[in-house]
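Presented below is the structure to which this report refers.
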Amino acid sequence: MSSTLLEMTRASHEEVERLERLIVKDLQNEPANNKDRLFQSHRVRNMIDNIITTTEKLVEIYEDKDNARRDEIAALGGQTAMGTNVFSAFYDRLKEIREYHRRHPAARVVDANEDYEAMLKEEPVIEFTGEEAFGKYLDMHELYNQYNNLKFEKPIEYSTYLDIFSQPNIVPRKLKFSRQYREYMENLLEYLVYFFQRTEPLQDLDRIFSKVTTEFEEQWENDAVQGWEKTSRENGHLSADHTVIDLDFYSTVEELKEVGPEKLKEALAALGLKSGGTLQQRAERLFLTKDTPLEKLDKKHFVKGSRGSEPNGGAATSKEVDNSKEIALMEAKINKLCDLLDETIVRTKENVVKKQALTYDEMEAEREEEETQADTESDDDEQQIYNPLKLPMGWDGKPIPYWLYKLHGLGQEFKCEICGNYSYWGRRAFERHFKEWRHQHGMRCLGIPNTKNFNEITSIKEAQELWKRIQERQGVNKWRPDLEEEYEDKEGNIYNRKTYTDLQRQGLI
């Protein structure tokens, strides 16, 4: 009804409190499966985002940069340019309310709880590929193809790639400066971040990466980043090991030409050498670095102003250092994400190995079985059982017939104090419970044997009194061995144990 700033502030606070209560209520429900867990996590994530957005608006209102809030509070107190008039402010507000209801005579109060409660049943749209199986496995096929196209070595199997993609340190450092490798690392990091956000939406990835970056900066300053330690330098410039092409595999310029002009250009640029000219000229220029240190090469081979043309032999440019640092930081983030997704990676590898051992028919049968199982679970979740009388469920998961409910007296409640005031519905269940574990445990705690004498006894006081009377009765009829146990001497005379012991002690027997 009101669009005032104070009303907007009140409504925003109310919305934040409602969302907080909904989050608590949602998290109190235990998800039945992985799909429900993901839905719950994304619902909570969406509500948290709404809380953040609303809170930011509240902060902006309270900062009151345009003094609108201050003026509105003053107006409520009747403060105007002509002085203070409380009654005028009151009647102005009353007039506004009446005018609103005159324009909207059919207006009614809307229960916002209904809209918010509907959010608990919402199933957010989460995009997963078929291979990912709703977040159960990773889908690394595109990255696998991209890795094989880098041509580090002979093409590897997909299962092998799943073992090594989380270990970027195994790639030789001199092969990490190519544009293709950088693009591959960016795509790998982007996919892992996207997958992690879909499967763990409640995790604060920004905080995790902030911690990783802080630790990385410290290690970088101390030259302790694995695989990126400072190598030996001659006269301050980078060694030829930083080229993207391993020249040890090539014995002639003709063999080197087979690499192609683009890769030769990248390798020359990484060393600060001129990258222009024909394919033959590029190959010859790069092949010179195989046996000749960079500082001994003619300056005509270097780009003007590069490290090779400097008097001191040149130092690594800041651009090259920054490039190395960025790649190393990406590797650190990938390592962290792989640690967080370790179980998923292992599960993916096991699934791939399992599929490799299956025939096509077996794979199709397994896929159909999974789809059928998923449809069954979905139907069970969506189906609502009509049970207004709150009847007990039968073996088929449906309410039992009402006549059967009345026949067994299941509407009659029996409480047992010995069982911790547990309720038993129906006479049959009540009679059977005296032999069940809960009642037996209660009797043991009272120190009373659970015999037939205590059937139908549910009160602790009654059970203790009955046990006391039984003990007293057993004292009168108690077996007394010293008087009732019989002994016979050599002559056949019969004595009780006490008399026999006395005679034997006196030597008369």
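Here are a few things to note about the model shown:
- Highest-first arrangement of 402-408, 324-330, where packing means the average Cβ count within 10 Å: 324-330, 402-408
- Amide H within-cut-off set for residue 422, under 5 Å, with H built and near neighbours excluded: 416
- Note on residue 90 and residue 297: the extension gain reaches 65.4 nm, defined as 0.36 nm multiplied by sequence separation minus the Cα-Cα distance.
- Descending by average beta-carbon neighbour count within 10 Å, the peptides 178-186, 60-68 line up as 178-186, 60-68, the highest first.
- On full extension, the segment bounded by residue 212 and residue 325 gains 39.3 nm, given 0.36 nm per residue less the C-alpha separation.
- Euclidean distance between Cα centres, the stretch 184-214 to the stretch 419-460, Å: 57
- Heavy atoms of residue 160: accessible area, 1.4 Å probe, square angstrom to 10: 60
- Taking all protein chains as they are arranged and a probe of 1.4 Å, the heavy atoms of residue 125 leave approximately 140 Å² accessible to solvent.
- In this structure, residue 163 and residue 252 have a Cβ-Cβ separation that, at R0 = 35 Å, corresponds to a calculated FRET efficiency of about 0.45.
- Placed amide H near residue 302: partners under 5 Å, 5+ positions off or other chain: 274
- For the pair residue 72 and residue 6, the difference between a 0.36 nm per residue extended length and the Cα-Cα distance amounts to 23.0 nm.
- Legend: calculated FRET efficiency, residue 52 to residue 136, from the Cβ-Cβ distance at R0 = 30 Å, rounded to 0.05, equals 0.50.
- Pairs from the list 263/300; 265/299; 257/325; 290/333; 176/290; 136/398 with a Cα-Cα gap above 24 Å: 257/325; 290/333; 136/398.
- For residue 264, the shell of other residues with beta-carbons less than 9 Å away shows a net charge of +3, using +1 for Lys and Arg and -1 for Asp and Glu.
The values are calculated or read from the model by the stated rules, or taken from the named source; none is laboratory data. These numbers were taken from a predicted model, which means no experiment stands behind them. Here Cβ is always computed from backbone atoms with ideal geometry, including for glycine, and neighbour counts include all displayed protein chains. The protein model used for the area step is the full one, side chains on, heavy atoms only, and it has no ligands, DNA or RNA in it. Shrake-Rupley method; radii C 1.70, N 1.55, O 1.52, S 1.80 Å.
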